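One structure is given below, encoded as structure tokens.
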Amino acid sequence: MTNKQIKKPIWQKPWHFTETILIVVGIYLVGMVLQLSVGTFKFSNLAWPLNIIIGGSGIVLILLLSLRKQSSFFQWLSGVPFSVTLIAALIIQTIIMGITPQLAGALTHKPTVFDTLGFTRMTSSWPFILIYFFTILALTAAILNRLRIPKWRDYAFYLNHIGLLIFLFASGFGASDMKRYVMYVEENAEMPEWRVYSENKDVLELPIAISLKDFIMEEYAPKLTIIGRESGKSIPEKDPAYFQLADKKTDIEIEGWTIKVDSFIMDAVRNSDKSYREIHMPGSCPAALVTVQEKATGKKISGWVCCGNYAQLYMPLMISDKYSLVMTRPEAKRFASDIEVVAASGEKVSTTLEVNKPLKMGNWTIYQYGYDNDAGKASNYSSFELVYDPWLNAVYFGIILCALGSLCLFWIGNKKRKERNND
Amino acid sequence: MISWDHFNWFAGVTLGCWTVSFVNILLNKKILWAQVFTAIGFISYGLFIALLWINLERPPMRTMGETRLWYSFFLVLVGYITYAKWQYKWMLSYSLFVAMIFVIVNILKPEIHSKNLMPALQSIWFVPHVTAYILSYAILGAATIVGLKQLYQYDENDKLIDFTDNLVYIGFGLLMLGMLMGAVWAKAAWGHYWSWDPKETWAFVTAAAYLFYIHIRWNNHYRKTALWMLVIAFICLMITWKGVNYLPSAKNSVHVYGQQ
Ligand code: HEM
């Protein structure tokens, strides 16, 4: 019965795509009216327990509807046309969002048409929120519809849809309860730090205090490159060449120059005579002794180059009146903080925090955030991001179900569909 | 005691066997021998992982090289299961091929971390996240080609649609896995599992477009609409992968890595 349906008057049940599209456009327009009259949706207004009340009652409502036998309205709500049209609405809105630059903080300019329509803050615009809400309702309905006659062979459907429902609910409604702060902690301060900055840069005090015992940083060896003395740009300009220094000594070639690294010191300090020696101390800096030869003329120049830092001078090597050989600042390889965290409850944890290795304490998660970029290794403070998210475990649970469901997609394929067609 | 020093022996056996199966799949209709050799190579590789695990006294999942081990291992496993279920020889040969590339990378560069990886990128999720995406892109690309052929020579009874559905299911499954792993990783690195960064927004659009395909195809309906959506979805996919960098919305994207 692919495209050959018998024509029925519009709005007569069962509703199909024509009615559904009109309804979804209606939902969108209601959202737009709200957007234009009330303004951007504020997630904080939905904080606990309002989120669970609104979201929960939506789901309970669908549950009650599903108990009625042969409700054609429920059939529509749980059917493919509604979900496909909602997905299409999400696609259109996220495409607009993917093209329009999104704003993060408060509006600083006079609102443009895009701002007023909510396009520049798509995820907090009323039409988006309403479509999201109805997607949750449709998803719930689809799950309940299948659950009337539960079948083991529907496992992939359940994993995907229940997983997604939990994820959407916890990440969307849960966003209202999420709090996010940044804390700056000085090394070996007398008192642990408990003051944080909110996203609007307000200072607050938290029930969690952190003291920083040590800030640890490892850097990659820096790179050598040749720059035009006037432009300051690396050559060749189209595809700049960088050479990573390493323990092994090799000759390098860049555009008609050969460069030989005679010695390379990662922690170097300058002597009075422009040479460098190895000293491990705060403020030491990478330096290399190099010999550069211009291939065309055979002319050789040698000398020290150093990338410089807050304590030491930057040292280029002039290799002609147009070009210099320079060393780039080393990039961070790893940074970590040796910390002790004390919660108001008295719980104490000592750990080394680093990027990709956060610390979870109850509903709080603490992340390594940053450090004093100018001082680099010698930074005497470290900053942390503290995120409060009571819905996190639910989000992860949803993710795990979805991941299992995705694995099932490898083999369920369209076999089921054929079985169904034979029903 | 087994350590990385012995890797080349096990990997050599694996590569030899998998090359035989790969060639066998390309040349022959019946692929019994290919299956046998896939299994031998798989066992050799699995054995190395198990022995390394025992020796290290921790699961070998910490460094890049170690995660690449698992990648090849699982890829061939998934490829074989898919073959066993659907008789898709291409799936088996494709996964053998990609798995071998990763074995070779581990032979040439078994180092702990590739150089100058910024701290946020140093994660066990890096390899599986990226490879799930790349694999899914390849499969969805194949689906687009098969879809275009059907649009060009449209026939309501074309059996190719079943093949297309299967490709989309598999490709979408991998796409979702890549996205979910990305979310878990982003949470650990930046504290947000989803921040609607332009690249993430387009990844969402792409996934939603394939979701549209899957749902509108339910019960074998709307062949033509679905095929058109397949083309649109692939355009979105290309924007996610390559195009985002050129959009005005991506000026501050954290996923557009600077060149140096
Ligand atoms: C990760 C996301 C999703 C995946 C992987 C997914 C996958 C699937 C699959 C594979 C089917 C076919 C089931 C079968 O083989 O029997 C299906 C059916 C369906 N899905 Fe989804 N889906 C997802 C999201 C959604 C969403 C967001 C909605 C609703 C807004 C939805 C509503 C439906 C409906 C109504 C059906 C028809 C099932 C029935 O009538 O019993 N799905 N989905």
- With a Förster radius of 41 Å, plug the Cβ-Cβ distance of A:Asn145 and B:Asn55 into 1/(1 + (r/R0)^6) and report the FRET value to the nearest 0.05. 0.20
- Please report, for the Cα atoms of segment A:221-330, the Rg to one decimal and the Dmax as a whole number; what are they, in angstrom? 13.4, 42
- Please report how far the C-alpha centroid of segment A:172-218 lies from that of segment B:138-154, rounded to the nearest whole angstrom. 52 Å
- To the nearest µm²/s, what D does Stokes-Einstein give for segment B:1-112 at 4 °C and 1.567 mPa s, using the Kirkwood radius over alpha carbon pairs as Rh? 92 µm²/s
- Message: Viscosity 1.002 mPa s, temperature 20 °C: what is the translational diffusion coefficient of segment A:151-246 from Stokes-Einstein with a Kirkwood Rh over Cα pairs, rounded to a whole number of µm²/s?
- Response: 107 µm²/s
- Note on the structure: Rounded to the angstrom and largest first, Cα extents along the principal axes for segment B:119-260 equal 53, 30, 24
- Task: Could you pull the accessible area for A:Val25 with a 1.4 Å probe, rounded to 10 Å²?
- Result: 70 Å²
- Note on the structure: segment B:1-112: relative contact order from alpha carbon pairs under 8 Å, six or more residues apart, as a whole percent, is 29 percent
- Message: Need the C-alpha centroid separation for segment B:1-67 versus segment A:126-140, integer Å.
- Response: 47 Å
- Item | Length-normalised contact order of chain A in % [C-alpha pairs under 8 Å, at least 6 apart] | 16 percent
- Along chain B, longest interval not containing exposed trypsin sites (Lys or Arg not before Pro), exposed being DSSP loop plus at most 13 other Cβ atoms within 10 Å: B:160-241
- Query: So how exposed is A:Ile53, as accessible area in Å² (1.4 Å probe, rounded to 10)?
  - Reply: 100 Å²
- Item | Karplus-derived 3J(HN,Hα), 6.51/-1.76/1.60, for each residue of segment A:207-214, Hz, glycine and proline x | x, 9, 10, 10, 10, 9, 8, 7
- What FRET efficiency, computed as 1/(1 + (r/R0)^6) with R0 = 35 Å and r the Cβ-Cβ distance, is obtained for A:Ser320 and A:Glu218, rounded to the nearest 0.05? 0.50
- Query: Total accessible area buried between chains B and A, 1.4 Å probe, in Å² to the nearest 100?
  - Reply: 5300 Å²
- Message: Let me check something: with ligands and nucleic acids excluded, how do A:Asp214, A:Asp154 order by accessible area (1.4 Å probe), largest to smallest?
- Response: A:Asp214, A:Asp154
- Hey, if we sort A:Thr328, B:Thr225 by accessible area with the 1.4 Å probe, largest down, what's the order? B:Thr225, A:Thr328
- Item | Point-to-point label distance, B:Ser3-A:Asp251, nm (Cα→Cβ direction, 7 Å offset) | 3.5 nm
- Query: Given the convex hull over the Cα atoms of segment A:309-423, what projected area results after averaging over all orientations, in nm²?
  - Reply: 15.9 nm²
- Message: Suppose the Debye formula is applied to equal point scatterers at every Cα of segment A:163-218; what is log10 I(q)/I(0) at q = 0.18, 0.28 Å⁻¹?
- Response: -0.74, -1.07
- Message: Sequence gap at least 6, Cα distance under 8 Å: using those rules, report the relative contact order of chain B to the nearest whole percent.
- Response: 14 percent
- Task: Return one whole number: the accessible area per residue of the protein assembly as shown in Å², for a 1.4 Å probe.
- Result: 50 Å²
- Note on the structure: Whole-percent carbon and sulfur contribution to the accessible surface of the protein assembly as shown (1.4 Å, no ligands, DNA or RNA) stands at 63 percent
- Message: Can you compute log10 of I(q)/I(0) for the protein assembly as shown with the Debye formula, treating each Cα as one identical point scatterer, at q = 0.07, 0.11, 0.12 Å⁻¹?
- Response: -0.61, -1.33, -1.46
- Message: If I ignore ligands, DNA and RNA and count only protein heavy atoms, how much of A:Phe17 is accessible to a 1.4 Å probe, in Å² to the nearest 10?
- Response: 40 Å²
- Note on the structure: For A:Ser263 and B:Trp86, extending 7 Å from Cα along the Cα-Cβ vector and measuring point to point gives, in nm, a value of 6.3 nm
- Kindly tabulate the residues in segment A:63-95 with an accessible-area decrease of at least 40 Å² between the chain alone and the assembly of all protein chains, using a probe of 1.4 Å. A:Val80, A:Val84, A:Ile87, A:Ile91, A:Thr94, A:Ile95
- Between A:Glu237 and B:Ile101, the FRET efficiency computed from the C-beta separation at R0 = 35 Å comes out, to the nearest 0.05, as 0.60
- Message: Within chain A, which whole H helices from DSSP have a Cα span along their axis of at least 15 Å and a mean Kyte-Doolittle hydropathy of -0.5 or more, if any?
- Response: A:17-38, A:50-67, A:80-99, A:126-147, A:155-172, A:392-412
- Note on the structure: Those chymotrypsin sites (Phe, Trp or Tyr not before Pro) from segment A:274-325 that are DSSP loop and have at most 13 other Cβ neighbours within 10 Å turn out to be A:Tyr310, A:Tyr314
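The values are calculated or read from the model by the stated rules, or taken from the named source; none is laboratory data. It should be emphasised that the depicted structure is a prediction, and the values quoted were computed from it without experimental measurement. All Cβ positions, even for glycine, are placed from backbone atoms using ideal geometry, and neighbour counts span all protein chains on display. The area values use the complete protein model at the heavy-atom level, side chains included, leaving out ligands, DNA and RNA. Shrake-Rupley method; radii C 1.70, N 1.55, O 1.52, S 1.80 Å.
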